[in-house]
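The values are calculated or read from the model by the stated rules, or taken from the named source; none is laboratory data. Here the structure is a predicted model, which is why all the values come from computation and not from measurement. Cβ coordinates were reconstructed from backbone atoms using ideal geometry, including for glycine residues, and neighbour counts include every protein chain displayed.
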Amino acid sequence: MKYYLIAGEASGDLHASNLMKAIKSLDRDAEFRFWGGDLMAEVGGTQVKHYRETAYMGIWDVFINLHNIRKNFKECEKDLLQYQPDIFIPVDYGGFNLRMAKYAHQNGIETHYYIPPKVWAWNTKRVKKIKAYINHAYVILPFEETFLKKYGIDVNYSGSPVVDAIYNRKNRDESFESFIKRNSLDNRPKVALLAGSRKSEIKHNLPDMIKMVEKFPKFQFVIAAAPSFSAEDYKPYTENRDVYSVFDQTYELLQQAEAALVTSGTATLETALLNCPQIVTYKMWGGWLTDFVAKKVLLKVPFISLVNLILEKESVKELFQKSFSLELLESELRKLLNDTPRRKEMLNDYKQLQLRMGKQGASEKTAKMILEQSGIIIEKHKH
């Protein structure tokens with residue numbers, strides 16, 4: 001069978017790559033063509049374009065790149081039609097993938113959306129598009145299934161791929177001593193900095209994170225560098241500062257860190273599942289105007305982090321746009337770097353989160369559902 005996948009950022013690349021592996025274990029003739037990242041490329045198939053060329057964030061970033069965005073749509077439509085896959089699998093990346101799902105539907109290509117847009121959070125109107133253009137949806141949060149079924153969408157909760165990724169992570173039993181030796185770090189306790197996987201996220205969030213370095217000299221601050229960037233990309237922020245970077249080792253860093261400063265997204269959930277206390281800090285272009293539009297017009301939920309949404313309370317502190325200040329960031333971080341009631345409370349909340357997320361196996365469940373929904377006979381490899 002021929003599969004066409006589109007992932008537009010680091011987390012989508014991770015989840016799509018695990019899904020591809022699971023599909024290969026069930027369909028020995030699987031052929032992949034995709035827009036994605038390095039992890040998908042490692043699984044195999046033909047990569048059309050890397051997500052670093054297609055990722056834009058925020059109103060201004062999208063506006064100034066409208067020409068490139070239109071060009072990407074045209075290129076993807078042409079490529080999808082020429083390839084004629086048996087199954088089209090968009091992965092997350094709602095703005096781009098919903099349009100591609102419409103195009104696939106118009107051309108008779110069966111579409112299975114893995115991690116569809118978070119319509120429960122904002123822009124509920126997109127529910128109609130999901131119902132109109134998608135044959136089946138697979139969600140990674142239990143409450144999403146309930147929400148989408150109310151609109152008559154063919155949907156299943158297939159578990160969380162984040163749980164899979166963390167369970168299967170490299171160096172899961174590594175000691176602190178081994179980690180710092182392997183990365184030439186000193187023996188101070190670590191604070192992890194997760195500033196996002198897009199240039200605009202790093203630009204707006206990393207500088208303020210790094211300002212905490214001088215406030216906590218007894219700790220070593222380490223950036224979990226995004227796989228789509230190089231050391232040169234971080235140099236303007238880290239030069240002549242006591243801050244370091246590790247590449248392709250986000251999980252290894254988080255499992256050793258005392259705390260983390262995290263830009264909202266999947267990273268907040270990953271940080272929690274690795275039992276690392278965190279503060280969510282999210283700034284983007286637009287200042288008070290973006291804050292007003294996000295909180296009053298777009299967002300339909302009380303929190304911006306997945307941790308708080310799943311737990312249905314503010315377990316981790318969220319410093320979003322105008323609620324952010326360096327003084328507050330320093331104050332909250334001090335509470336997490338000592339044996340305080342705040343730290344203990346957060347770690348207890350993490351235990352409840354892990355129970356709600358369930359066990360690993362999401363990628364395999366999703367792959368099996370896709371093939372069953374498509375009427376494909378499943379024949380596992382014999383070992």
Residues located in region 18-38, provided they are within 21 Å of residue 227 (Cα to Cα), of a type outside the set (Lys, Arg) and either in contact (Cβ under 8 Å) with a residue 60 or more places away in the chain or not assigned by TED's automatic domain parsing to the domain that holds residue 74 (or both)
18, 19, 37, 38
Residue 48 passes all but one of the listed conditions (1) surrounded by fewer than 23 Cβ atoms within 10 Å (Cβ to Cβ); (2) assigned to a helix (DSSP H, G or I); (3) β-branched (Val, Ile, Thr); the exception is number (2)
Name the residues in region 319-372 that are part of a loop (DSSP other than H, G, I, E, B), touching a residue at least 12 places away in the same chain (Cβ under 8 Å) and at negative phi, would you?
324, 337, 359, 360
Which of the helices (runs of 4 or more DSSP H) contained wholly in region 110-182 include at least 3 residues that are crowded, with 21+ Cβ neighbours inside 10 Å?
161-167
Tabulated pairs, region 195-221, first free of Cβ contacts under 8 Å to residues at least 24 places away in the same chain and surrounded by fewer than 22 Cβ atoms within 10 Å (Cβ to Cβ), second outside any strand (DSSP E or B) and of a type in the set (Phe, Trp, Tyr), C-beta under 9 angstrom, 6+ apart or interchain
203/237; 203/285
